[in-house]
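One structure below.
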Amino acid sequence: MVMRSNETGALAQGAVMTWAGNVVVMAGPSGVRAVEIPRWSETRSEAPPDLGAITFYEGGDADALGHLRQALGELDEYFRGARQEFTVALDPQGTAFYRAAWVAVACVPFGESRAYAEIARAIGSPTAIRAVGAANGANPVAPFVPCHRIVGSDGRLTGYGPGLPLKARLLAMEGAIPHDADSYDVWADDLRARNGGITPALGIRGASLYCAPGCARSRARWAFPPRIFASAAAAQEAGYLPCPLCGG
């Protein structure tokens, strides 16, 4: 992610139609300034007839239009499942603390999640958990800064403007959680494949334990994003202990 310094200038505005609805983007000369995602429900049509349609609404200079075009194209690819990383320049407006938090959130990898406390530690302010939550809630450029990947200390999904159903759907699309309880085993197989065929360790937030995929404890918490580690050793290094049910 490229995070530019705050800069004023004429904004270019456009939108791209995705399965989550019409996503509006505003960009200035230094990058994307704001994104508006409509509130989403599980009953929304999965495939609107104009899926992928891009509309340009108004103005901006050549630089702003260039950032806008790139942003709309990357969003289209992301919602289609064809993009895992964004490269468009970003120019969100906020305090120095907010911008530091947004940079840390943008570093959370596709298919993973972090707790608010982990972001606070990452920016050197371990006691500023509520302030990190406020910064996450004020993020103006989701999903380029993927605030949907930030969860509560026990793994619960909290605080997402377009709605928690969309937050859960994005996490499932990225592979951070199964789509539903019945798809847990398929999800666990995908995790192993993503980890080079090696069984990962699943950190259970709130319990400070790590499980092997398939453990009854992990399966019962399928809707709560675990901290995904490449190995049991990595989970232990992060302070997690072996699950007494599966041994990790």
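The values are calculated or read from the model by the stated rules, or taken from the named source; none is laboratory data. These numbers were taken from a predicted model, which means no experiment stands behind them. Here Cβ is always computed from backbone atoms with ideal geometry, including for glycine, and neighbour counts include all displayed protein chains.
Out of region 131-165, which residues are of a type in the set (S, T, Y) and within 15 Å of V105 (Cβ to Cβ)?
Across region 131-165, the qualifying residues are T158, Y160.
What number of residues within region 100-133 satisfy the criterion of being charged (D, E, K, R) and buried (at least 19 other Cβ atoms within 10 Å of the Cβ)?
Counting residues in region 100-133 that are charged (D, E, K, R) and buried (at least 19 other Cβ atoms within 10 Å of the Cβ) gives 2.
Residues that are touching a Gly at 6+ places or on another chain (Cβ under 8 Å), more than 30 Å from T127 (Cα to Cα) and among the β-branched types (V, I, T): does region 39-52 have at least one?
no
What do you reckon, is A12 at pLDDT 95 or above and crowded, with 20+ Cβ neighbours inside 10 Å? Working first, answer last.
On the way: at pLDDT 95 or above: yes; crowded, with 20+ Cβ neighbours inside 10 Å: yes.
Taking the combined requirement at face value, the residue satisfies it.
Anything in region 82-91 that is in contact with a Phe, Trp or Tyr (Cβ under 8 Å, 6 or more places away or on another chain) and surrounded by fewer than 22 Cβ atoms within 10 Å (Cβ to Cβ)? List them, or say none.
Residues satisfying the conditions are Q84, E85.
Can you tell me which residue is surrounded by the most Cβ atoms within 10 Å (Cβ to Cβ) among those in region 208-233 that are assigned to a loop (DSSP other than H, G, I, E, B) and without any contact (Cβ under 8 Å) to a residue 40 or more places away in the chain? Quick ask: steps written out before the conclusion?
Within region 208-233, the subset assigned to a loop (DSSP other than H, G, I, E, B) is 208, 212-215, 221-226, 230-231.
Next, from what is left, pick out any that are without any contact (Cβ under 8 Å) to a residue 40 or more places away in the chain: 208, 212-215, 230-231.
Numbers: S208: 12, A212: 19, P213: 22, G214: 14, C215: 20, A230: 14, S231: 15.
Residue satisfying both the conditions and the ranking: P213.
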